[in-house]
1. Rounded, prolate or oblate: pick one for the stretch 30-88, where a ≥ b ≥ c are the square roots of the eigenvalues of its C-alpha gyration tensor, a/c under 1.5 means rounded, and failing that, prolate if a/b is larger than b/c, else oblate.
2. Ranking request for peptides 35-44, 86-95: highest mean number of other beta-carbon atoms within 10 Å first, then the rest in descending order.
3. Run the numbers for T52 and V26: contour at 0.36 nm per residue of separation, minus the present Cα-Cα distance, in nm.
4. D90 to D126: extension gain in nm, 0.36 nm per residue of separation minus the Cα-Cα distance?
5. Could you compute the FRET efficiency for I45 and S98, with r as their C-beta to C-beta distance and R0 at 22 Å, rounded to 0.05?
Amino acid sequence: MDLFRYGGPTKSPPYLAISPPPFDLVDDYGRTPLSWAAYEGHDTIVKRLLETGEVKADLEDNDSWTPLSWAAEGGHAAMVKLLLETDKVDADFKDDYSRTPLSWAAEEGHDTIVKLLLETGNVKADFKVNIGQMPLSMAAKGKQKAGVRHLRINR
């Protein structure tokens, strides 16, 4: 947030004057503070936002990504764990391209996240995304040995 856009660091953006502040305020990209914090790996902010009980943990942005999608693709295991612990996120959510948090984590080689998602028992490891690949083939293509092992066990 560019504080200088609102007259410098001594003035707050107008939405901060609202009580309580709108924790699910959506920007031009359809992203919320929770989505951005999950994307950037700010676990303390994610935890505090979730503790308010005022955020929708599964809110989709304009690209049909959820905070869990962003955290999984970015390799932020602590965020993925926090989001999964809320029981308010769909671990197998498919975006507009049929990509799931599991497919993003597998492709990017985020083995800890692959394991966390598979441990929920709520994700399908053998589905095909729009490009015809499965998370297992995506992990194999990227030479992600641990991810391949986790996915083969959970087929």
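Since every read-out is calculated from the coordinates, none of them should be taken as a lab result. Here the structure is a predicted model, which is why all the values come from computation and not from measurement. Glycine also receives a Cβ, built like all others from the backbone with ideal geometry; neighbour counts cover every protein chain displayed.
1. In terms of gyration-tensor shape, rounded.
2. Per-residue mean Cβ counts within 10 Å order the peptides as 35-44, 86-95.
3. Full-extension gain reported as 7.7 nm.
4. Computed gain between D90 and D126 is 11.3 nm.
5. With R0 = 22 Å, the Cβ-Cβ based efficiency is 0.15.
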